[in-house]
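The values are calculated or read from the model by the stated rules, or taken from the named source; none is laboratory data. All figures in this text were calculated on a predicted structure; none of them were measured in a lab. Here the Cβ is made from the backbone with ideal geometry for all residues, glycine too, and neighbour counts use every protein chain on show. Side chains are part of the model used for accessible areas, which takes the heavy atoms of the whole protein and leaves out ligands, DNA and RNA. Shrake-Rupley method; radii C 1.70, N 1.55, O 1.52, S 1.80 Å.
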2 protein chains.
Amino acid sequence: MNAYQPVTADMFTLLEQVLKGSQQVRALPPFAEIDADLMQQVLEEAGKFVAEVVAPLNRDGDEIGCRFEQGRVISPPGFRDAYQAFWQAGWPALAAAPEDGGQGLPSVLEVMLYEMLCGANHGWTMAPGLLHGAYECIKHHASEELKERFLAKVASGEWLATMCLTEPHAGSDLGLARTRATPLPDGRYALQGTKIFISGGEHDLSDNIVHLVLARLPDAPPGPRGLSLFLVPKFYDDGSRSAVHCERIEEKMGLHGSATCVMRFDDAASWIVGQPGKGLNAMFVMMNAARLHVAMQGIGLLDAAWQKADAYARERRQMRAPGRKAGAAEADLIIEHPAVQRMLDTQRAWVDGGRVLAYRTGIELDRIRHADASQAERAQRWCALVTPVLKAAWTHQAFHGGSECLQVFGGHGYVREWGIEQILRDARVAMIYEGTNEIQAIDLLVRKILPDGAASLNALLDDLAHELDHTGRERLERLRQCTHQVIAAAAQDVTVAYRVADDYLRAFTLVLLDWAWQRIDSTLEVNTPDMATRWQAPARALRTWVLPEGEMRCGIISSLVESSSPVHA
Amino acid sequence: MNAYQPVTADMFTLLEQVLKGSQQVRALPPFAEIDADLMQQVLEEAGKFVAEVVAPLNRDGDEIGCRFEQGRVISPPGFRDAYQAFWQAGWPALAAAPEDGGQGLPSVLEVMLYEMLCGANHGWTMAPGLLHGAYECIKHHASEELKERFLAKVASGEWLATMCLTEPHAGSDLGLARTRATPLPDGRYALQGTKIFISGGEHDLSDNIVHLVLARLPDAPPGPRGLSLFLVPKFYDDGSRSAVHCERIEEKMGLHGSATCVMRFDDAASWIVGQPGKGLNAMFVMMNAARLHVAMQGIGLLDAAWQKADAYARERRQMRAPGRKAGAAEADLIIEHPAVQRMLDTQRAWVDGGRVLAYRTGIELDRIRHADASQAERAQRWCALVTPVLKAAWTHQAFHGGSECLQVFGGHGYVREWGIEQILRDARVAMIYEGTNEIQAIDLLVRKILPDGAASLNALLDDLAHELDHTGRERLERLRQCTHQVIAAAAQDVTVAYRVADDYLRAFTLVLLDWAWQRIDSTLEVNTPDMATRWQAPARALRTWVLPEGEMRCGIISSLVESSSPVHA
C-alpha cells in the first residue's frame, strides 16, 4: 500500500502560476513582506511534516481506531505524539494573528495545509481542524477575561476545541436544541444536557479541551433565537475537572481515527460567549471557514484516492488494451485501457479544478479581512457563493469519484489491504457534517441568491465571463437564464427553489469548474510533453465527461420550474 | 434499526399485472400447470422465510462476520442453521429440473427469491447464490459419472459450491491464470496453484463444498484457450479430505458475512469437467444467470436502503418544510422536505424499473430453455443485451443511490446503529465481481452490438418502440443514431468503442428504464390515492431527474465519436 504523498509542486503551480497567489496576498497590508519563495517554502515544510509524521498513522487510525474505556478515549498509536509535534511546530497558528501568538501567514496556506493533512489522514486531522473556528469564535465574541484564559492556548493548538451543537433531536435543525444553561451566583452558567456527534469531545491528544456549547437560558424563546453560546473546558485553571463527560463514542462507517462522542453536561460550570440569544450568530462567523475546511477534506481525499489508483494502474497488467499489438509482457498496463483513463483523468480534473477554486477562496478570505471595503465586498460575495459549492460538490466527489478510483483496483479495491476503501468510508461523512450537502444547496440558492434577486451572483458571473471562451460563456448564460426562471417562479411559490436547489448547485459547480480549468489552460506554461500530459488529459476529460452535466442540470431546473408554475402565470 | 421486509405484494404486482408473468410462463410446456395463485403463494412463502430466518442474521453477519481459525472458517451466529433450513425446505432447487430433484418452477421465481435474500442479507446469500451456476455447469458439461456423484447434491443445495477463477495476477483477465492440472494415473488430475477472491471457499454452512476450478493442462497453450475446468470437492466419497486449503480470508470493506478465501491447491485430485481447453466455455454457459443474480443483489440492496430511509423520513422531524405553516409539532417530518422526496422517489424509480427489467429477463431465461426456436432466439437476444445493463446499472445504483438513502439519515446514516452504512459497504463489491461494470459495458457494445452491426439491438429496440410514447421513441431513436455513429467510427478505429462503452451502457439503461416505467404506467390499475402516490411519485421522479441523463450520454458519445474520427472520414 502506497501512502498519500503531498504534491506540493502541483499545488504551488496552481497557487502561483494560475492564481498569482503571492502577488494577490502581497497587495494586502499584513502580507506586504510575503513573497512566492516564502509561500513555497512553507508549503514544502508542511508537505514534509504531513508525509513524515501524519500520513504513516492513517492505517492504524482506521484499523485500531479510537477506543473508549470508562469515560476516556484512547487515541490510535502515534496520534498524540504527532499532534504534540504539530502544535509545537506552530502549524495550527500558521494563519492566526501575531498578536494572538500566530504566524500571521495568509489563510490560503492554511487551506493548502489542510488539503494535505486530510489527504494523508482524515481522522487525525479532525482534531486540529476544529481549532480554527473556535479561535475565530473566541477572538470575536468572547469577553476579555475569557480571551485571557483561552485564546492563546486555542490559537497555538496547545488545547484542542470542540463545537457542541447537535442533539439527538436537533441535527440540521439546531433550533430544536434543548440543552439548558442556568445562571450561577458567580456569573457563570450551569450547562445541563446531552450533545451528540461531538468530534473530539474527549481524547488524549492535548492536555485540555475547550468546548463551545449551544444552550438555552431559562427565559429563552423557542427556536434558533433562543440559543446562546457557552464555553466550558475539560479542566479549569485550578486543574479540577469540569462536569462534562463522554458517555460513549459512536461506531461509524469510517473516520475511526476521530472519536465521535456523546457528551453529557451535568451542570457543568461554563462562561457565556457573546450575547444571550446570539449563539448561532457567533457560530455562523466561522461557517465559511469551516465549510471550506470540509471542502479541503473532499479535495485531499479525492487526491489520495486518485494517487492510489494511478499508481496501481501503472503497475497492474490485465489484457491487451484495445488497438494494441502483442508486446513483450503478456498483458498491457491497465492505465492503457480507456475506461481506466476515463476514471483517472476525470477525477484529476475535479481535484485540480477544486484546488483552483479553493485556493482562490482562501485568498478571498484574507481579502475579506484585510482589503479595502469594495474589494472586501467582492471577496465576501465570492466566499458566500462559492463556499457552499466547494463543500457540497467536492465532498460528493470524494465519495463518488473516490469510488471510481476504487474501481480501478477491481477486486483488490474492495479489500482493506490497499487502503482505498478506507478513503470512501472516511469521505462519506463529509457529505453530511458542517451542513448536509442538501443544506448547502438551499444556502446557496434560497439564502444567497434569491434574496437580492441574484444581483450578487450576476456580479460574480460577470467577473467570470471575461475569462471564459465562447462555449463557457454560453454555459454561464444558460445558468443565468435558469436563475431568472427560478427567481420568477419562486416569487409565486417559494417551494420551487427548494425543489431545484440541488440541481442548481450542480449547474453552478460546473460553471465554476469550467472557469477554473480555463484559467489553468490560459495561464500555465506547458513546456514539456510530461507537463502536457499532466494538464491536458484532465482538461480533456473535463470537457468530455464532466461539463455536459451542466446543460442537463439546467434542463432539469427549467422543466421543474415550468411544471410548478401556476397556470395563470 | 428496522430490518428489510420483503415487499412481495409490490413484486407480484409488477410480475403479474405489468409483465403478465403467469400467462407468459404458462405458454412454456413445462409450466403449463402454473398459475398466478401458485406463483404468488411461492413468493409469499419465500418472503416469509427471508423475513423470519435470513434477515435477522444480517447485522451479526456484518459485525461478527466470518472468522478464520487454523484453516477453518467459522460462519457468523445462526448462518449454518439458516442455511440448513433453507436447503431442506427446497429453496435452492426451486427452479432446478425435476429429474435432478428440483421443483421445476420458473426461473423468474428464483430471480425474485434472490432479490429478497440479497436485500435481507447479502453476505449469507453469497453461499446459495453460487449454487445455480455450479448446477448448470455440472448438468451441461460434466460426465455421467461426475453427475452421479455431485449433481443432485448441488441441485438441492445440500452441498455448496464455489467458482475458483481469479488468481493474484489474473482478475478480469482469466487468460493469465497459471494453476496447473497434471494427469494422474487414475484418470483424475492433480491441481496445483493458488486462487484468490473465492467466495465461500471454506465454511461450515454445508457438510461438503464442491469447487469448480479453472486450470491449465501441461500441454495447454497460453491465454484463455488453454484453460480447462476441474471439479474437486472438500471431501471425497470416502470421507477423506482433499488437498484444497484455505490459507486466509480477506479483510474487506463489507460483506463480512461471506468469507472471501485465498485457496491453495496442493496437487488436489480432481476431475475434468467438459473438454480440455473448453474451461471458459463451460463457465460462460452460466454467465447470464450469474450476472442477473448480481443485478438482483443491486435491486435488493437498493430496496433495503430505500426502505430504511423511507421509514426514517416518516418519523424524523427537522425544520419547517418550505411553504408549510407552523403545525402542532415543532418541526415537520423530513419526508416533507423536497430534497428528501427527490432522493427517495428517485431511488424507488430505480428499484421498480429494475424489477420490471429483471423479472422480464427471468421469464426470458425460461423462454430460452423451453420456447420454440424463434421465441428462444428473441429471448436470447433480450438476455444477451439486457443482462450486462442490469448488472452494471443496478449495482452502480445500489451503491450510489444507496448513498442517497444514507443521506436521508444525516449524521445518523454514518453510524452503524441504523444499518444503512452496511448496505453501502456490502453493495460496493457488486460493481466489481462477475465482471466489473466497465467490462459489462464492453461486453454490451463491443461483443454484442458491434459484431452484427446492431442488428440484434435494433430488433430489440423495434420491440420496445411500440410501447413507448412520443418522447420515449425520440430518446430511443437518439440511441439508435449514436449506435450507428459508433459502428461507423469503430470500423476505422476499434478503440472508439471502448472509449464510449460506459456512456453507451448508461444511455441504453435509460431507454430500458423508460420502457419499464411506461409499461408500469400503461398496465397498472391505480384505484386508490395510496396506489397513486405509490406509483406516480417515482414515475415523476424518473422523468424529472433520471431520464434526462440519456440525452447527456448520447451527446457525450457523439462528441467522442466525432473527436476520434480520422480527418479523411
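Points worth noting:
- Once Rg and the Kirkwood radius are both taken over the C-alpha atoms of the range B:109-202, their ratio Rg/Rh works out to 1.02.
- Within straight-line cross-link reach of A:LYS278, aspartates and glutamates at Cα separation under 15 Å, skipping those fewer than 8 residues along the same chain: A:ASP219
- Relative contact order for the range B:240-382, counting Cα pairs under 8 Å that sit 6 or more residues apart, in percent: 14 percent
- Remark: chain A carries a charge dipole of roughly 1020 debye about the Cα centre, counting +1 on each Lys and Arg Cβ and -1 on each Asp and Glu Cβ.
- Amide hydrogen proximity for A:ALA259: with H placed 1.01 Å from N in the peptide plane, the residues at 5 or more positions away or on another chain lying under 5 Å are A:GLY200.
- Helix A:529-541 axis, angle to chain A major axis (alpha carbon atoms, nearest 10°): 80 degrees
- Remark: the range B:431-474 projects, on average over all directions, an area of 4.1 nm² (convex hull of Cα atoms).
- The protein assembly as shown - Kirkwood radius from inverse mean 1/r over Cα pairs (Å): 31.0 Å
- Diffusion constant of the range B:56-178 at 4 °C, which comes from Stokes-Einstein with the Kirkwood Cα-pair radius and 1.567 mPa s, µm²/s: 81 µm²/s
- The A-B contact accounts for roughly 5500 square angstrom of buried accessible surface, both chains included, probe 1.4 angstrom.
- On Cα atoms only, tilt of A:338-370 relative to the major axis of chain A in degrees: 40 degrees
- Calculated label separations, B:GLU247, copies of the chain, 7 Å along the beta-carbon direction, nm: 4.8
- Inter-chain shielding of A:489-500 (mean C-beta neighbours from other protein chains, 10 Å cut-off): 3
- Sorting the segments B:52-59, B:117-124, B:557-564, A:416-423 by their mean number of nearby beta carbons within 10 angstrom, highest to lowest, gives B:117-124, A:416-423, B:52-59, B:557-564.
- Debye log10 I(q)/I(0) for the range B:258-344, one point scatterer per Cα, at q = 0.16, 0.17, 0.22, 0.26 Å⁻¹: -0.84, -0.89, -1.09, -1.21
- Gyration tensor (alpha-carbon) shape descriptor, the range B:205-259, a/c threshold 1.5: oblate
- The residues of the range A:539-556 occluded by other protein chains by 40 Å² or more of accessible area, set against the chain on its own, are A:THR544, A:TRP545, A:MET552, A:ILE556; surface from heavy atoms, 1.4 Å probe.
- Helix A:287-313 and the longest principal axis of the Cα set of chain A meet at an angle near 40°.
- Peptide B:319-328 is shielded by partner chain Cβ atoms: per residue, an average of 3 of them sit within 10 Å of its Cβ.
- Chain A comes nearest to the axis taking it onto chain B at the Cβ of one residue; that residue and its distance, in whole Å, are A:MET552, 2.
- In the assembly of identical copies, B:ASP452 has its label point, taken 7 Å from Cα in the direction of the beta carbon, separated from the corresponding points by 6.1 nm (ascending, one decimal).
- Computed log₁₀ I(q)/I(0) - Debye formula, equal Cα scatterers, no solvent, the range A:503-569, q 0.17, 0.19, 0.21 Å⁻¹: -0.68, -0.77, -0.86
- Shown for A:ASP266: label points 7 Å from Cα along the beta-carbon vector, and their distances to the equivalent points in the other copies, 5.8 nm in ascending order.
- In the structure shown, the pairs A:LYS147/A:LYS252; A:LYS234/A:LYS391; A:LYS48/A:LYS195; A:LYS195/B:LYS308; A:LYS139/A:LYS234 are assessed against 26 Å; a Cα-Cα span above that value is assigned to A:LYS147/A:LYS252; A:LYS234/A:LYS391; A:LYS48/A:LYS195.
- By average C-beta atoms within 10 angstrom, highest first, the peptides A:30-41, A:305-316, A:375-386, A:503-514: A:503-514, A:305-316, A:375-386, A:30-41
- Peptides ranked, highest mean first, by Cβ atoms within 10 Å: ranges A:430-440, B:393-403: B:393-403, A:430-440
- The mean number of partner chain beta-carbon atoms within 10 angstrom of a residue's beta-carbon across peptide B:244-252 is 2.
- Point-charge dipole on Cβ atoms (K/R +1, D/E -1) for the protein assembly as shown, about Cα centre, debye to 20: 640 debye
- Overall Cα dimensions of the range A:354-445 - principal axes, largest extent first, Å: 55, 24, 16
- Relative contact order for chain A, counting Cα pairs under 8 Å that sit 6 or more residues apart, in percent: 14 percent
- Gap separating the Cα centres of the range B:255-286 and the range B:209-247, nearest whole Å: 6 Å
- Across chain A the C-alpha pair distances fall into 10 Å bins from zero in the proportions 3, 17, 27, 27, 17, 6, 1, 0, 0 percent.
- Whole-percent pair-distance distribution, where bins are 10 Å wide, for the alpha carbons of the range A:336-375: 27, 28, 21, 14, 9, 1
- Taken over the Cα atoms of the range A:364-500, the convex hull encloses 149 Å³ per residue.
- Whole-Å distance, taken between Cα centres, linking the range A:423-467 and the range B:41-95: 46 Å
- Gap separating the Cα centres of the range B:329-399 and the range A:125-173, nearest whole Å: 49 Å
- Helix-only CD estimate at 222 nm, as mean residue ellipticity for the protein assembly as shown, using -39500 (n - 2.57) per DSSP H run (n ≥ 4): -17000 deg cm²/dmol
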